Amino acid sequence: MNRISIRLLAALLLAAAVGQGRAQAALNVVASTEDLAALVREVGGDKVKVETIARGYQDPHFVEAKPSFILKLHAADLLVVVGRELEIGWLPSLVQQSRNPRIQPGADGYLDASLTAKILEVPAGPITRAMGDVHPSGNPHYWLDPGNGRRIAKAIQERLTAASAADAAHFARRYADFDRRLAEAEKRWDGMMAPYKGLKVVTYHRSWSNLAERFNLNVVGYVEPKPGIPPSPSHTFDLIQEMKRQNVKLILVEPYFDLKTPDAIARDTGAEVLVLLPSVGGVKEVTDYIGLFDYDVNLLVAAIKRTGAK
Ligand SMILES: [Zn+2]
């Protein structure tokens, strides 16, 4: 073989390797939470490889920034975040340290899922973190409305399509399938919750505002005086009086909060503490977005029946 044909062979081999690599390459996606990762999986299927940062059993406001996350972010084609400052305490420095220009805020590979979602409790005045409030730009727990899950999935579909146009039909088909299954599930949840319209509850953190709005729960008060501020004796005293006055029988608590104050309130008011999951992965069995609502709605309905809550 002469030199030219060796070069030609090498070039052909390289082209074949690159072509094969492309055909098999999955998009690397990092999602800041397991809920977003679950939605990416719904739409992306086997065309994406998804990594998650915050686990579903952790308080998403406060996540330990481990160096291993920087490596995941360095390799990412797309980063999906909750936004609304949920991750402000831990994600921005990781993204910066990843030195990955594709996923910096404003780049094509940075998707802020809150931008297409319905956001509640947006402050009317100037944005402030007065007294440590961790929800200064509206409620960031918006994924707990299935309508928002659908909007996020659509935004993910558009972004994945932009990143890999050859798979556009795959992503469109998977989005449509998710949309259909979610609509069926919503009918099921609506049917289960229909008898309990206006049900009065107290919640620990303001994690459940979107869920409450979607399923007609009436949130009478919060164990926290303000989002992110631990319970205080005077606030707890006032809350107990209000719960007695309104006959509230359920206190919804996220799995990562200390049960001491909720248990004390329950003893004093005759209410029951119910640990609900704000996120996929909160327990091992809950591995996808629809499963999260199935789990919570079932627990809630069982607790309503048990306590006679109204
Ligand atoms: Zn919060």
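The values are calculated or read from the model by the stated rules, or taken from the named source; none is laboratory data. None of the values given here were measured: they were computed from a predicted structure. Note that we place each Cβ from the backbone using ideal geometry, even for glycine, and neighbour counts take in every protein chain shown. Areas reflect the complete protein model, heavy atoms only, side chains present, ligands, DNA and RNA absent. Shrake-Rupley method; radii C 1.70, N 1.55, O 1.52, S 1.80 Å.
Please go through (1) more than 16 Å from the ligand (Cβ to nearest atom); (2) in a loop (DSSP other than H, G, I, E, B); (3) surrounded by fewer than 17 Cβ atoms within 10 Å (Cβ to Cβ); (4) aliphatic (A, V, I, L, M) for VAL122 and return the number of the only condition it doesn't satisfy.
Status for VAL122: all satisfied but (1).
Do you know which of the residues in segment 276-296 that are under 27 Å from GLY44 (Cα atoms) and of a type in the set (A, V, I, L, M) is most open to solvent (accessible area, probe 1.4 Å)?
First, pick out the residues of segment 276-296 that are under 27 Å from GLY44 (Cα atoms): 277-296.
Imposing the further condition that a residue be of a type in the set (A, V, I, L, M) reduces the set to 277, 280, 283, 286, 290, 292.
Values: LEU277: 5, VAL280: 4, VAL283: 39, VAL286: 7, ILE290: 20, LEU292: 0 Å².
Ranking the candidates gives VAL283 first.
Kindly provide the set of residues from segment 76-94 that are within 16 Å of the ligand (Cβ to nearest atom), surrounded by 21 or more Cβ atoms within 10 Å (Cβ to Cβ) and assigned to a loop (DSSP other than H, G, I, E, B), ordered by number. Walk me through it before giving the result.
So in segment 76-94, the residues within 16 Å of the ligand (Cβ to nearest atom) come out as 81-91.
Right, trim to surrounded by 21 or more Cβ atoms within 10 Å (Cβ to Cβ) and you get 81-84, 86-87, 91.
Once the filter is applied, which keeps residues that are within 16 Å of the ligand (Cβ to nearest atom), surrounded by 21 or more Cβ atoms within 10 Å (Cβ to Cβ) and assigned to a loop (DSSP other than H, G, I, E, B), segment 76-94 yields VAL82, GLY83, ARG84, LEU86, GLU87.
Output the qualifying pairs, or none if there are none: Cβ atoms under 9 angstrom, residues six or more apart or on different chains, first residue in segment 38-49 and under 11 Å from LYS154 (Cα atoms), second residue modelled with pLDDT under 95 and part of a helix (DSSP H, G or I).
none
Test of understanding: among ARG174, ARG102, which residue is open to solvent by 10 Å² or more (accessible area, probe 1.4 Å), in a helix (DSSP H, G or I), at pLDDT 95 or above and closer than 26 Å to GLY282 by Cβ?
On the way: ARG102 fails: closer than 26 Å to GLY282 by Cβ.
Residue meeting the stated conditions: ARG174.
Here is a check on your reading of the model: is LEU71 away from the ligand (no atom under 16 Å from the Cβ), modelled with pLDDT of 95 or more and not small (Gly, Ala, Ser)?
Working: away from the ligand (no atom under 16 Å from the Cβ): yes; modelled with pLDDT of 95 or more: yes; not small (Gly, Ala, Ser): yes.
For LEU71, the condition - away from the ligand (no atom under 16 Å from the Cβ), modelled with pLDDT of 95 or more and not small (Gly, Ala, Ser) - is met.
Inspect all residues belonging to segment 164-172 and state whether any of them is away from the ligand (no atom under 16 Å from the Cβ), among the polar types (S, T, N, Q) and within 30 Å of GLY109 (Cβ to Cβ). So that I can check it myself, show each step before the final result.
Here is the first cut: in segment 164-172, the residues away from the ligand (no atom under 16 Å from the Cβ) are 164-172.
Right, trim to among the polar types (S, T, N, Q) and you get 164.
Within this subset, residues satisfying the condition of being within 30 Å of GLY109 (Cβ to Cβ) are 164.
Yes: segment 164-172 contains one or more residues that are away from the ligand (no atom under 16 Å from the Cβ), among the polar types (S, T, N, Q) and within 30 Å of GLY109 (Cβ to Cβ).
Scan segment 208-241 for residues that are of a type outside the set (A, V, I, L, M), in a loop (DSSP other than H, G, I, E, B) and either over 23 Å from LYS305 (Cα atoms) or open to solvent by 40 Å² or more (accessible area, probe 1.4 Å) (or both) and jot them down. Steps first, please.
In the first step, residues of segment 208-241 are kept if they are of a type outside the set (A, V, I, L, M); the result is 208-210, 213-216, 218, 221-222, 224-228, 230-238, 241.
In the following step, the residues that additionally are in a loop (DSSP other than H, G, I, E, B) were identified as 208, 215-216, 224-228, 230-232.
The answer is ASN216, GLU224, PRO225, LYS226, PRO227, GLY228, PRO230, PRO231, SER232.
Please determine, by comparing only the residues of segment 242-287 that are of a type in the set (Lys, Arg) and in a loop (DSSP other than H, G, I, E, B), which one is nearest to the chain's Cα centre (by Cα).
Let us first name the residues in segment 242-287 that are of a type in the set (Lys, Arg), namely 244-245, 249, 260, 267, 284.
Adding the requirement that they be in a loop (DSSP other than H, G, I, E, B) leaves 249, 284.
Numbers: LYS249: 27, LYS284: 16 Å.
The extreme case among them is LYS284.
Mind checking which residues of segment 191-206 are of a type in the set (Ser, Thr, Tyr) and more than 16 Å from ALA302 (Cβ to Cβ)? Explain how you work it out, then say what you get.
At the first step, the residues of segment 191-206 found to be of a type in the set (Ser, Thr, Tyr) are 196, 203-204.
Within segment 191-206, THR203, TYR204 qualify.
If you go through segment 60-68 one residue at a time, do you hit one that is among the aromatic types (Phe, Trp, Tyr), out of contact with any Cys (no Cβ under 8 Å at 6 or more places or on another chain), in a strand (DSSP E or B) and open to solvent by 30 Å² or more (accessible area, probe 1.4 Å)? Show your work before the answer.
First, the residues of segment 60-68 that are among the aromatic types (Phe, Trp, Tyr): 62.
If we keep only those that are out of contact with any Cys (no Cβ under 8 Å at 6 or more places or on another chain) too, we end up with 62.
Going one step further and asking which of them are in a strand (DSSP E or B), we end up with none.
The answer is no, given that none of the residues of segment 60-68 is among the aromatic types (Phe, Trp, Tyr), out of contact with any Cys (no Cβ under 8 Å at 6 or more places or on another chain), in a strand (DSSP E or B) and open to solvent by 30 Å² or more (accessible area, probe 1.4 Å).
Could you list, in sequence order, the residues of segment 151-169 that are in contact (Cβ under 8 Å) with a residue 12 or more places away in the chain and out of contact with any helix residue (DSSP H, G or I) (no Cβ under 6 Å at 6 or more places or on another chain)? Before you say what the answer is, go through the steps one by one.
Going residue by residue through segment 151-169, those that are in contact (Cβ under 8 Å) with a residue 12 or more places away in the chain are 151-157, 159-160, 162-164, 167.
Within segment 151-169, LYS154, ARG159, ALA162, ALA163, SER164 meet the criteria.
Which one of these does LEU211 not meet: (1) more than 14 Å from the ligand (Cβ to nearest atom); (2) more than 17 Å from THR261 (Cβ to Cβ)?
In the conditions (1) more than 14 Å from the ligand (Cβ to nearest atom); (2) more than 17 Å from THR261 (Cβ to Cβ), LEU211 misses (1) alone.
Let's see how each residue does on (1) small (Gly, Ala, Ser); (2) over 26 Å from ILE240 (Cα atoms); (3) at pLDDT below 95:
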position: LEU160; (1), (2), (3): no, yes, no
position: ASP167; (1), (2), (3): no, yes, no
position: ALA185; (1), (2), (3): yes, yes, no
position: SER207; (1), (2), (3): yes, no, no
position: GLY221; (1), (2), (3): yes, no, no
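Tell me whether segment 129-138 contains one or more residues that are more than 14 Å from the ligand (Cβ to nearest atom) and at pLDDT below 95. Break it down into steps so the answer makes sense when it comes.
Start the filter on segment 129-138 by keeping residues that are more than 14 Å from the ligand (Cβ to nearest atom), which leaves 130-131.
Restricting the remaining residues to those that are at pLDDT below 95 gives 130-131.
So far as segment 129-138 goes, yes, one or more of its residues are more than 14 Å from the ligand (Cβ to nearest atom) and at pLDDT below 95.
Considering each residue of segment 16-46, count those that are assigned to a helix (DSSP H, G or I), at pLDDT 95 or above and either of a type in the set (Gly, Ala, Ser) or surrounded by fewer than 17 Cβ atoms within 10 Å (Cβ to Cβ) (or both), and give that number. Steps first, please.
We begin by selecting, within segment 16-46, every residue assigned to a helix (DSSP H, G or I); these are 16-24, 34-46.
Then drop every residue that is not at pLDDT 95 or above, which leaves 34-46.
In the following step, the residues that additionally are either of a type in the set (Gly, Ala, Ser) or surrounded by fewer than 17 Cβ atoms within 10 Å (Cβ to Cβ) (or both) were identified as 37-38, 44-46.
Within segment 16-46, residues that are assigned to a helix (DSSP H, G or I), at pLDDT 95 or above and either of a type in the set (Gly, Ala, Ser) or surrounded by fewer than 17 Cβ atoms within 10 Å (Cβ to Cβ) (or both) number 5.
Taking interchain pairs and intrachain pairs at least six residues apart, which have beta carbon atoms under 6 angstrom, with the first residue in segment 290-308 and more than 11 Å from VAL280 (Cβ to Cβ) and the second of a type in the set (Phe, Trp, Tyr)?
Listed pairs, sorted by first residue: VAL297/TRP189; ILE304/TYR196.
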